[in-house]
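Bear in mind these aren't lab numbers, they're just calculated from the coordinates by the rules spelled out. Quick caveat, the model's predicted, so the values are computed rather than measured. Don't worry about glycine lacking a Cβ; one is built from the backbone with ideal geometry, like all the others, and counts go over all protein chains shown.
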Amino acid sequence: MPCNPDAPANLGLFAESDLLQPARTEVLGPQARVLRGFALPWTERLLPRLDEVLAAAPFRQMMTPGGHTMSVGLSSCGALGWTTDRHGYRYSAIDPQSLRPWPAMPEVFRQLAEHAAQAAGFNDFNPDSCLINCYRPGAKMSLHQDRNERDFNAPIVSLSLGLPAIFLFGGQQRSDKSQRVPLLHADVVVWGGVDRLRYHGVLPLKDGTHPELGRQRINLTFRHAG
Ligand SMILES: O=C(O)CCC(=O)C(=O)O
């Protein structure tokens, strides 16, 4: 995989049983859910497609408008990809690195996102953008709201793969207290409706080695952006 993990060796702080959790749903808010282990039946079909997308649009470090290089490696697939540079945050149909359209969203990605949205109570989710975040140990994502989409009617569907992370799920104001939600391989978080604009982020990734993905966490975030 282009965000190359080291060879899987041990599970670090996490026992194998953590990776084989039974599917269940947790409530984060009125219209926000964690679907534990939801993607386990999908990963065998999904990971080879992810490799293909990343071969066409490799991870890269992008710069924020404030001039900071993000610690997370970014790529995208689908009609629109989220980008950031000195000029701002936006969606673009063109990969600014290759100057070509982003790779198409694999059908299995779209189906997983649609099924997860439905399981969380959102019918007819039709994502046109999949942002792919690569966290190596130490990488993090600061608290933010997702506001670059054209409208906020569609939910956000966020799939975790690889190493565990602590997801912060806050309120409508940056200063609101955040819930700390451990996310494991194949967990999916869905939030929309009254929860659509809640602040969220990810604490610095702890080191470890995941048996399938190695020394990294990959997050796929599906949105309807255009
Ligand atoms: O990595 C995650 O779980 C969250 C990613 C995220 O917040 C985003 O892409 O906006």
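Would you tally the net charge around Phe222, using a Cβ to Cβ cut-off of less than 12 Å, leaving Phe222 out, and scoring K and R as +1, D and E as -1?
-2
Stokes-Einstein diffusion coefficient for the chain at 4 °C in a medium of 1.567 mPa s, Rh from the Kirkwood formula over Cα pairs: what value in µm²/s?
Estimated via Stokes-Einstein, D reaches 74 µm²/s.
Pull up all non-local amide H partners of Leu28: gap of 5 or more, or a different chain, and H-to-H distance under 5 Å with H placed in the peptide plane.
Placed amide hydrogens put Arg33, Val34 under 5 Å from Leu28.
Using the C-alpha gyration tensor of the stretch 115-226, what are the square roots of 5 times its eigenvalues, in whole angstrom, with the largest one first?
Semi-axis lengths for the stretch 115-226 are 23, 17, 12 Å.
Just round it to a whole percent: the fraction of Cα-Cα distances in the stretch 71-119 exceeding 17 Å.
Percent of Cα pairs beyond 17 Å in the stretch 71-119: 45.
So how do 65-74, 101-110, 209-218, 155-164 stack up, highest first, on mean other-Cβ count within 10 Å?
So the peptides 65-74, 101-110, 209-218, 155-164, ranked by packing, come out 155-164, 209-218, 101-110, 65-74.
Ignoring everything except DSSP H segments at least 4 long, calculate the 222 nm mean residue ellipticity for the chain; use -39,500 (n - 2.57) per segment, divide by total residues, nearest 500.
It comes out at -4000 deg cm²/dmol, rounded to the nearest 500.
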